[in-house]
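The values are calculated or read from the model by the stated rules, or taken from the named source; none is laboratory data. In this text, all values refer to a predicted model and were calculated from it rather than measured experimentally. Positions of Cβ are backbone-derived with ideal geometry, glycine not excepted, and every protein chain shown enters the neighbour counts. Please note that ligands, DNA and RNA were not included when accessible areas were found on the heavy atoms of the full protein model with its side chains. Shrake-Rupley method; radii C 1.70, N 1.55, O 1.52, S 1.80 Å.
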Amino acid sequence: MLETKRLYLKNWEAEDAPAFFRLTQSPHVLPAAGCPPTKDEEAALQALHEDYSAKEEYKLVLKDSGEIIGSIGLRFGEDACSESFQEPEVGFWLGEAFQGCGYASEALEAILRHAREDLRCPAVWGCHYEKNHRSARLLEKFGFASVRVNPQGDTRLGYTLPEAEMRLAF
């Protein structure tokens, strides 16, 4: 578990499927990360099992209420745009009601510190689709530099989108 001033970053569990579904059924959450909205709790449970069960995948939990508000994680190897086991890719999303409140900055700072200090990663990558300006600004704020644009960035939406790939060296 990681911790910030307002958040706990804890691993996802199957029991989180109802909260995951509530957050990800919105058309304004997962599509920004290249995935379709979640259809129901069964699909949420499947997503948790298939995509959010890795050791470095975390739910974002408000300290004051215990409410789950989003997700952040580090992906390694083939799952990362770096395709490296030493330089993971960070990915994150927040439920619609929690966007613009500084939670993503807080979580990103914690996971970058974890990658640098605990995991001893020499760098972390961050990718965003070109029209996802909020993610671009957040990554730039933390010092990520543009490496390349993949014109055929993969999505689970049935089509590709240009994807900006950025890197932060420690």
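Summary of values
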item: Point-to-point label distance, residue 147-residue 84, nm (Cα→Cβ direction, 7 Å offset); result: 0.6 nm
item: Rounded to the nearest 20 debye, dipole of segment 95-138 from Cβ charges on Lys, Arg, Asp, Glu; result: 140 debye
item: Point-charge dipole on Cβ atoms (K/R +1, D/E -1) for the chain, about Cα centre, debye to 20; result: 620 debye
item: Relative contact order of segment 51-95, pairs being alpha-carbon contacts under 8 Å that are 6 or more residues apart, as %; result: 30 percent
item: Relative contact order (percent, whole number), the chain, Cα cutoff 8 Å, 6+ residue spacing; result: 20 percent
item: Computed [θ] at 222 nm, helices only, for the chain once each DSSP H run of length n ≥ 4 contributes -39500 (n - 2.57); result: -6500 deg cm²/dmol
item: Model label zone, residue 26; criterion: amide N under 20 Å from point 7 Å along Cα-to-beta-carbon; scope segment 117-144; result: 128-139
item: The chain - accessible surface per residue (Å², probe 1.4 Å); result: 53 Å²
item: Accessible-area composition of segment 6-146, carbon plus sulfur, in percent [1.4 Å probe]; result: 47 percent
item: If the convex hull is drawn through the Cα atoms of segment 46-170, its volume per residue in Å³; result: 119 Å³
item: Whole-angstrom Cα spans of segment 77-135 along principal axes, big to small; result: 34, 25, 14
item: Set of lysines with alpha-carbon distance to residue 55 below 16 Å, sequence-local pairs under 8 removed; result: 10
item: Listed residue pairs exceeding 25 Å between alpha carbons, taken from 5/59; 5/39; 59/141; 63/131; 39/63; result: 5/39; 63/131; 39/63
item: Segment 64-129, relative contact order in percent, only Cα pairs under 8 angstrom and at least six apart counted; result: 34 percent
